[in-house]
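Asker: Shown below is the structure under consideration.
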Amino acid sequence: MRIVIARFPFDLTMNEVERLMESVQPEPATGQCVTIGRHVYPVKQVGQVITRQDRRDFTAHEVTRALARLGFTCHEVQPPRPEAFNDPSSSLPWADTPLG
């Protein structure tokens, strides 16, 4: 299938993308991602591998649209949220003891 990324046409199939990505270690996934096999990749990483272009040359939206047309599942991955800070004095054994 013909897809266009950064104004350049590419003739790719789902199998070709899977083959190109099978030896690539996934980077930490945040933002727009795609599931390829058992791995979740950032779409910009996949775009760089399949087009051999710099990631600054295309948008995540372009790659997401192209991968969805090829039949891949694209989705949003939220960055991990930091744990809420607890009041450290509440875990101290003497916190309930009045001073003085």
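Asker: Name the residue, out of 18, 83, 62, 27, that is under 14 Å from the mean Cα position of the chain (by Cα) and either modelled with pLDDT of 85 or more or of a type outside the set (Val, Ile, Thr) (or both).
Answerer: So the residue among 18, 83, 62, 27 that is under 14 Å from the mean Cα position of the chain (by Cα) and either modelled with pLDDT of 85 or more or of a type outside the set (Val, Ile, Thr) (or both) is 27.
Asker: Checking residue 32 against (1) over 21 Å from residue 9 (Cα atoms); (2) of a type outside the set (A, V, I, L, M, F, W, C); (3) free of Cβ contacts under 8 Å to residues at least 24 places away in the same chain, only one condition comes out false. Which one?
Answerer: Residue 32 satisfies all of (1) over 21 Å from residue 9 (Cα atoms); (2) of a type outside the set (A, V, I, L, M, F, W, C); (3) free of Cβ contacts under 8 Å to residues at least 24 places away in the same chain except (3).
Asker: Just the residues that are assigned to a strand (DSSP E or B) and among the hydroxyl-bearing types (Ser, Thr, Tyr), please, taken from the stretch 30-47. Reasoning before the result, please.
Answerer: As a first pass, look at the stretch 30-47 and keep what is assigned to a strand (DSSP E or B): 31-36, 39-42.
Listed by number, the residues that qualify are 35, 41.
The values are calculated or read from the model by the stated rules, or taken from the named source; none is laboratory data. Everything numeric in this text was worked out from a predicted model, so none of it was measured. Note that each Cβ is placed from the backbone with ideal geometry, even for glycine, and that neighbours are counted across all protein chains shown.
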